[in-house]
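The values are calculated or read from the model by the stated rules, or taken from the named source; none is laboratory data. All values derive from a computational prediction rather than experimental measurement. With ideal geometry, Cβ positions are generated from the backbone for all residues, glycine too; neighbour counts draw on all protein chains shown.
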Amino acid sequence: LRIKGNSMESKIRFILIQNRAGKTRLAKWYMQFDDDEKQKLIEEVHAVVTVRDAKHTNFVEFRNFKIIYRRYAGLYFCICVDVTDNNLAYLEAIHNFVEVLNEYFHNVCELDLVFNFYKVYTVVDEMFLAGEIRETSQTKVLKQLLMLQSLE
Amino acid sequence: MSPSVRLQEMIRVIRSARTQGEERGIIQRECADIRAQFRQGDNGERSHSLAKLLYVHMLGYPAHFGQMECVRLIASPRYNEKRIGYLGAMMLLDEKQDASLLITNSIKNDLSHSSQYVQSLALCTLACMGSAEMCRDLAPEIERLLRASNSYIKKKATLCAVHIIRKVPELAELFTPSARTLLSEKNHGVLHGAVVLITELCKRNPDTLDQFRKTVPELVQIMKGLVTSSYSPEHNVAGISDPFLQVRILRLLRILGHNNDTASDAMNDLLAQVATNTDSSKTAGSAVLYETVLTIMDINSESGLRVLAVNILGRFLLNNDRNIRYISMTSLQKIVQTDHNAVQRHRGTIVDCLKDQDTSVKRRALELSLALVSAVNIRSMMKELLIFLSFCPPELRSQTASGIFNAAERYSPSKRWHIDTILHVLTTAGGDVRDETVPNLIQLITTASELHCYTVHKLYRALVKDIAQQSLVQVACWCIGEYGDLLLKGECEEIEPLQVTEDDVLDALETVLQSHMSSPATRGFALTATMKLSTRITDNVDRIRSIVSIYGSCIDLELQQRAVEYNALFKKYDHMRAAVLERMPVMDKNSPGYTNGDTPGEIKEPDTSKPKPVEAGLLSEPASQVCDLLDLLGGTDTPLQPSPAPTSTPTTTSSADLLDLLGGLETPHSSIPTVSVYEKNGLSLKIQYDKQTETEVTVSLIASNSTQNDITSFTLQAAVPKVYTRSIFKLHLCSLQIDSFPSTACQPSISPL
């Protein structure tokens, strides 16, 4: 089952945060998928990523794309990109994102992401947009997030 | 929106469910609640309910009834409600839903809202799920925002523009002028977005690409700034100044410099600088270096720079981080053809990576190692590869085996080494080799006539040890059948002597015949080998006779047929037995593609004789012999129908007889008739459409000379239209049938244009 879409475009197809049991903590899609396709993808990613351990690379070939992932405690942060993309750069992007979450939630843990899920989406939207990395400066992102928070 | 107590409450309740069923029950109740809220509550209540619904949706439950709510909430004047509405739109709505069109107007209004945060919500949503129509409607707005003063908005607007261009490529021209000016922004976020936008524009339109080539000096300047100074401390990652921006700029430079000398020259110095100055101790630095290497290899860079790039990749191979080793090999794979010598220098490290723990690293190392095998290093490389074969994970075995065979075929230093290598592979991984290996190996063995004795001894020993590997057993049986006399003689220079009696040999073959591990094909081989031995041994012919007659009532149809025919050979045609079963001629390879099922054109007949069975008036039993012959020639898959009529005239060589047999195999000529293209002065040329497979069409040119004299200097030249050169259309000129051209004078020559 190929993921449809023009693979001439190099961009992020989706970002997933899952825990070891397979529960989705965040799913951001940058491409058109039906609901059941989304479910299938979530399950497949979970299957592929959870069997790997420290002696594997952080890159997995996935259908006609590849997944860059990193495990933080019980959570897997996965970004699905094109095969021609720079693996290491996206690995850094994941880490950048996690550091922002950490700052924003003051030593983030999984429950923070559960109870404040809509805020997590805000963080994602500050740092990624239209399948591309948008803002990489942690200071700037945190400043924006605090501004947004004050509007609530 | 302060996290609604009720939202948190609901989440807590859901999490406290102990079973899936309990959870479903809770969700159902909550959804009913939410639905009631949607029907009657005010907007404040609505947004809380929608938030709850979104959480439920994240758990995987259906939430489509919330779609209209999103539309309503987006239109609300309050920020909190808008925000949940937009989030809902991004999560629940997509192009296929009709509701998505309804929000176009709201987005349009919000794009010009006084609060930048509202604008940003709208931009974000559009960039996430905007359909082609929405994009078309709103593109002018976005373009206006690209020139707006606020960098926060510009950042989002640029990426929104990228999304629009992806959805509606025709709108690219709209954004080109603004993209150009954005390059002078200082804000990294905007700059990043601008580079992405320009990359997208250039990818889609070659004219735009030309236009943007002029920006190369500017881009080089920006990069220089990033690399040399701490241009912006906020964007520092592990000592590298905004690696993400650097990577994107390098990518854009790659596209701009590809196939263009002026642009490539302009960036040469910069690339050298980045390559030497970037600190690669952390991932961020390595990411930048990696992108630099990719760019260097893809543009017209000078050779010194290319060597630098390959060396960087080589350094990566020694890195402790497995990720870096992996990507290094991926890149080396792409350049191993063009920069072969440079990559060869790192062969040792690559071979070491075969022992890595990660399968994907192993796979890369295998592909690279196979690409690096050459005549010089074949012996040492093969040693490593054979060791790898014994320990490699099962999914890589057949690839390794095929790779080893290919390498051995191209570079083997001696026939004996070649045979040894193939035998080694068959013993270790016989189950994973391709089917053509057996005929290939047999063909190889026949050509190495000085090694027949050695080969048959070796195979016999392998057979006695273990009969599980089918390919090995098949080859062993065939050899024993052919060269059994050499085996029985007992001595052989290259191997320790072993006394083998006739009974031993027959025992071995019978074991194969009777074992449940043997496949039907293998048993066929064994039976035929047993039969062949009847002319090569002296004492135990009766034993053979009895074996053959037993199998005359075997359940397997193929074996039964063979046994019956052999029986007949013993009884009625005993006078022919010796001739039928004599030694096979040396087999040539048919044609370059002979290992595959599809052989192009006619099969070249072997140089030495006419297989005797064919001449001797065809009757059923030799057909099975010929069957083997054709199998071994790697011929067709279709079953052979023995030609019923004995061939009448041996005027043309009996190779024609062979070909007649094969003529029955070819797919019937299609309805395209033979075209006569030239008839003049006694020379007639006809083009005949022979056969067509999925990948090939075979056409024959038949030239005949009906004059008294010889025709000299006959040249055939074939050409294809320029359109089809290179990969699409390969012209394959194969064998020549010299039929009616009088012998000596004329040597037709064939040359492809």
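Some notes on this structure:
- When segment B:195-240 is filtered for residues that are within 27 Å of B:His163 (Cα to Cα) and outside any helix (DSSP H, G or I), the ones remaining, listed by number, are B:Asn205, B:Lys214, B:Thr215.
- For segment B:331-372, taking the residues that are within 14 Å of another protein chain (Cβ to nearest Cβ) and among the hydroxyl-bearing types (Ser, Thr, Tyr), the one that is nearest to B:Gly285 (Cα to Cα) is identified as B:Ser331.
- Applying the set (1) more than 14 Å from every other protein chain (Cβ to nearest Cβ); (2) farther than 21 Å from B:Ala75 by Cα to B:Leu111 leaves exactly one unmet item: (2).
- With respect to the conditions (1) in a helix (DSSP H, G or I); (2) not assigned by the TED database to the domain that holds B:Ser471, B:Val376 falls short on a single one, namely (1).
- Pair list, Cβ < 6 Å and 6+ apart or interchain, from segment B:197-223 residues that are over 25 Å from B:Ile142 (Cα atoms) to residues that are among the β-branched types (Val, Ile, Thr): B:Met223/B:Ile249
- Just so you know, in segment B:494-519 the residues that are of a type in the set (S, T, N, Q) and not in a loop (DSSP other than H, G, I, E, B) include one that is nearest to B:Val473 (Cα to Cα), and it is B:Thr511.
- Pick from segment A:20-40, criterion assigned to a loop (DSSP other than H, G, I, E, B) and within 12 Å of chain B (Cβ to nearest Cβ), ranking: surrounded by the fewest Cβ atoms within 10 Å (Cβ to Cβ): A:Asp34
- B:Lys96 falls short on exactly one of the conditions (1) among the basic types (Lys, Arg); (2) farther than 19 Å from B:Leu159 by Cα; (3) more than 9 Å from chain A (Cβ to nearest Cβ), and that condition is (3).
- Residue list for segment A:41-83, restricted to those being basic (Lys, Arg), free of Cβ contacts under 8 Å to residues at least 24 places away in the same chain and within 12 Å of chain B (Cβ to nearest Cβ): A:Arg52, A:Lys55, A:Lys66
- Odd one out for B:Lys186, checked against (1) part of a helix (DSSP H, G or I); (2) within 14 Å of chain A (Cβ to nearest Cβ): (1)
- Residues that are in contact with a His (Cβ under 8 Å, 6 or more places away or on another chain), modelled with pLDDT of 85 or more and on the phi < 0 side of the Ramachandran plot do occur in segment B:247-263, at least one of them.
- Segment A:130-144, residues that are at the interface with chain B (Cβ under 7 Å from one of its Cβ atoms) and aliphatic (A, V, I, L, M): A:Ala130, A:Ile133
- Count of segment B:334-367 residues which are among the hydrophobic types (A, V, I, L, M, F, W, C) and more than 26 Å from A:Val49 (Cβ to Cβ): 6
- Filtered residue count, segment B:521-539, keeping only those that are buried (at least 16 other Cβ atoms within 10 Å of the Cβ) and in a loop (DSSP other than H, G, I, E, B): 4
- Those residues of segment A:84-110 which are aliphatic (A, V, I, L, M) and at the interface with chain B (Cβ under 9 Å from one of its Cβ atoms), in sequence order: A:Leu88, A:Ala89, A:Leu91, A:Ala93
- Criterion violated by B:Leu463 - all others in (1) under 21 Å from B:Ser519 (Cβ atoms); (2) at pLDDT below 80 satisfied: (2)
- Checklist (1) within 20 Å of B:Leu123 (Cα to Cα); (2) touching a Cys at 6+ places or on another chain (Cβ under 9 Å); (3) within 10 Å of chain A (Cβ to nearest Cβ) applied to B:Ala63, failing item: (1)
- Taken together, the residues in segment A:50-64 that are surrounded by fewer than 20 Cβ atoms within 10 Å (Cβ to Cβ) and part of a strand (DSSP E or B) amount to 2.
- Within segment B:275-330, the set of residues being among the polar types (S, T, N, Q), within 28 Å of the chain's Cα centre (by Cα) and at the interface with another protein chain (Cβ under 9 Å from one of its Cβ atoms) comprises B:Asn323, B:Thr330.
- Against the test of being within 24 Å of A:Thr136 (Cβ to Cβ) and part of a helix (DSSP H, G or I), the options B:Leu138, B:Leu171, B:Leu145 yield a single qualifying residue, B:Leu145.
- Residue match in segment B:158-167 (condition: within 21 Å of B:Ala194 (Cβ to Cβ) and among the basic types (Lys, Arg)): yes
- Scanning segment A:112-125 for residues that are more than 9 Å from chain B (Cβ to nearest Cβ) and either among the hydroxyl-bearing types (Ser, Thr, Tyr) or free of Cβ contacts under 8 Å to residues at least 60 places away in the same chain (or both) gives A:Asp112, A:Val123.
- A residue that is more than 21 Å from B:Leu581 (Cβ to Cβ) and modelled with pLDDT of 80 or more occurs somewhere in segment B:503-512.
- Checked against the criteria, B:Ser534 counts as closer than 21 Å to B:Leu487 by Cα and not hydrophobic (A, V, I, L, M, F, W, C).
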